[in-house]
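For reference, the structure is listed below as C-alpha cells.
Taken together, the values in this text are just the output of simple stated rules run on the coordinates, not laboratory data. Quantities reported herein were computed from a predicted structural model and do not represent experimental measurements. In this analysis, Cβ positions are derived from the backbone assuming ideal geometry, glycine residues included, and neighbour counts consider all displayed protein chains.
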Amino acid sequence: MTRPIQLPDTIPVFPLPGALLLPRARLPLHIFEPRYLAMLDDALKTPARLIGMVQPCLTPGSDPGHLHQIGCAGRVTQFSETEDGRYMITLTGISRFRIRREIDGFTPYRRCEVSWAGFEKDQGAEEHDTGLDRDAFMDLLTRFFRQRNLDTDWDSMADADDELLINSLSMMLDFAPEDKQALLEAPCLCTRRETLVTLIEFALRGGENEEKLQ
C-alpha cells in the first residue's frame, strides 16, 4: 500500500499513446526528449514528485492535441541518469485524476489543473476481485499467450494477488490506446477484469478468423 500524499491542483502531464499507469502499479519509462527531461527535472523539485500519464484522444475527427479527461498520476520512485543525459525512471501509480483545464505557460511540456475527486480509493488499500475465477482466467491467458507466441513466468502469474495480476496484464498487453483508456477508467478491479477478458476474447476471435482465412 502506498502511503497517501498531498495531491497538488496542478501537475505536469505526459501524453503517451498506449502507456498505461494504474494506482499502486509501477511503470518504467525512458526519458530522452528535451521537453520531458525538463518536466522530470521540475517534478523532482516538488514534494510529491508527480507526473500525470494521460492518453491522447485518437478517435477519428478529434483534435490531434486533445487529451482524454482521465489519467493517472505517478510518483517518481526510481531514476537513473545515463552518460548522455537520458533518464530511466519508474513511476509508482498514486491516483487517477480528471483534467479540469490545460494551463498555458512557459514550460516546454504540458501542465493541467486537475481534480482528484471520485478517486479517493486509489490511495487506499489494495483491491481484491471476489468474482475472479482464477482457473478460467488462467486458461484464457494461456490460449492468448500461445496464439501471440508470448512467454511469461506462469508460476509467478498464478501466485500473484488479484490486483497485481489484473493491473499488470492491463498495462503490459498490447491493446489499442482507446482500449487502454477503458481499462484505466474501470471503476473497480472487477470491472477492469471484465473489460480485460472482453478484450482478450475479442483478440482471440480475431486471430482465429485470420487463421481460417489463410
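Overview of values
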| read-out | value |
| --- | --- |
| Net charge over other residues, Cβ less than 14 angstrom from the Cβ of Asp9 (K, R count +1; D, E count -1) | +2 |
| Chymotrypsin sites (Phe, Trp or Tyr not before Pro) restricted to the stretch 45-142 and DSSP loop, no more than 16 other C-beta within 10 Å | Phe106 |
| Test item: Cα-centred dipole of the stretch 134-213, Lys/Arg +1 and Asp/Glu -1 on Cβ, debye | 240 debye |
| Loop-located trypsin sites (Lys or Arg not before Pro) in the stretch 1-96 whose Cβ has at most 12 other Cβ within 10 Å (DSSP) | Lys45 |
| Per-residue [θ]222 nm for the chain (sum of -39500 (n - 2.57) over DSSP H runs n ≥ 4, rounded to 500) | -11000 deg cm²/dmol |
